[in-house]
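Below is one structure; the comments refer to it alone.
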Amino acid sequence: MKTIICKDYDEMSKKAAEIITKQVKEKPDSVLGLATGSTPIGLYKCLIEEHKENGLDFSKVKTVNLDEYVGLGEKDDQSYIYFMRDNLFNHINIKKENTHVPESNKEDLKLDTEKYNKLLDDIGTRDIQVLGIGVNGHIAFNEPDDKLNLRTSIVDLTEETIEVNSRFFEKKEDVPTKAISMGLEDIFDAKCIILLANGKSKKEAIDKILNGKFVDTNFPASLLHLHPNVVLIVDEEAYNG
Ligand code: PGA
């Protein structure tokens, strides 16, 4: 795992944006795996700036997202599809039909996962997958457990994740308890994975990745050691605490 230590959140975001910008310039029909959460917002701002100021062209780019809450519609401002439109898609020249966020409206959960797995199979290996990390080491919504899913599945969120994510909702009871999430095999199906982490709250998790010489399904991010091309971009707070 290659590690890039940045002085702060802005530098981390810029560094990640540089890698993605280079990728899209070199291969205009790149396939990007994208993530939600507070971490990649700065990266998306930089990409919007690249598009608006330097004409970075997303017209042939395809995107797939990692996960989505179960039961929140696209109009709900806490849904990840809403987040992606609001923080990126609506501000660049990407075609709506080239953007993909898993959908799950509670009616037929099995069908929702089958549909997304088929989509991932059709789209093939991503050029880059952007990842954040939970304080408990989750990647996408693969929560610590004795076994982890290989493919897109419906997952129960842990109490800790519900608590952490409640900051985005009016009250904790509003946080969905289930999500649809890519599995580990899906996440790994990318030529390069960019793992982003900033802030003190991520220090423990980053320390475990960098200094723990193990893989453990109860700390899902540790499995990233098994991927041949992971770039960890961290700010000093997440690195030093
Ligand atoms: P965050 O979430 O970017 O909001 O910290 C990351 C994650 O839970 O994967």
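The values are calculated or read from the model by the stated rules, or taken from the named source; none is laboratory data. Source: prediction; values computed, not measured. In this analysis, Cβ positions are derived from the backbone assuming ideal geometry, glycine residues included, and neighbour counts consider all displayed protein chains. Heavy atoms of the whole protein, side chains included, go into the accessibility calculation; ligands, DNA and RNA do not. Shrake-Rupley method; radii C 1.70, N 1.55, O 1.52, S 1.80 Å.
Rank these residues by their accessible area, most exposed first, probe 1.4 Å: Glu49, Glu26, Glu11.
Glu26, Glu49, Glu11
Counting heavy atoms of the protein chains only and a 1.4 Å probe, report the per residue accessible area for the chain as a whole number of Å².
48
If the cut-off is 15 Å between C-alpha atoms, which aspartates and glutamates fall inside it for Lys14, apart from same-chain ones fewer than 8 positions away?
Filter leaves Glu49, Glu50, Glu53, Asp235, Glu236.
Compute log10 of I(q)/I(0) for the chain with the Debye formula, placing one identical point scatterer on every Cα and leaving out solvent, at q = 0.09, 0.10 Å⁻¹, to two decimals.
-0.34, -0.43
For segment 1-160, what % of the accessible area comes from carbon and sulfur atoms, probe 1.4 Å?
Solvent-exposed carbon and sulfur of segment 1-160 make up 47 percent of the total.
Please calculate the 1.4 Å probe accessible area of Glu18, with all protein chains present, and give it to the nearest 10 Å².
Around 100 Å² of this residue is reachable by solvent.
Between their Cα atoms, which of Lys178/Lys203; Lys75/Lys118; Lys62/Lys202; Lys96/Lys191; Lys25/Lys60 are more than 19 Å away from each other?
Lys178/Lys203; Lys75/Lys118; Lys62/Lys202; Lys96/Lys191
Under a point spin-label approximation (7 Å from Cα along Cα-to-Cβ), what is the Arg151-Lys96 distance to one decimal in nm?
Distance between the two pseudo-spin positions: 2.9 nm.
Quick one: if the Förster radius is 30 Å, what FRET efficiency do Asp57 and Glu159 give, using the C-beta to C-beta distance and rounding to 0.05?
0.10
Say the dipole of the chain comes from +1 at the beta carbon of Lys and Arg and -1 at that of Asp and Glu; which of Asn142, Ile187, Ser153 then lies farthest toward its positive end?
In the chain, that residue is Ile187.
Heavy atoms only, probe 1.4 angstrom, no DNA, RNA or ligands counted: give me Glu237, Glu97 ranked by accessible area, highest first.
Glu97, Glu237
Whenever you get a sec, line up Tyr9, Tyr82, Tyr116 from highest to lowest accessible area (probe 1.4 Å, protein heavy atoms).
Tyr82, Tyr9, Tyr116
Within the chain, what percent of beta bridges assigned by DSSP are antiparallel, to the nearest 5?
Rounded to the nearest five, the antiparallel share is 30 percent.
How much accessible surface does Leu150 have with a 1.4 Å probe, in Å² rounded to 10?
110
For segment 46-169, report the convex hull volume of the alpha-carbon atoms normalised per residue, in Å³, without decimals.
That works out to 131 Å³ per residue.
With label points built 7 Å along Cα→Cβ from the Cα atoms of Lys106 and Glu18, find their separation and express it in nm.
Roughly 4.6 nm, to one decimal.
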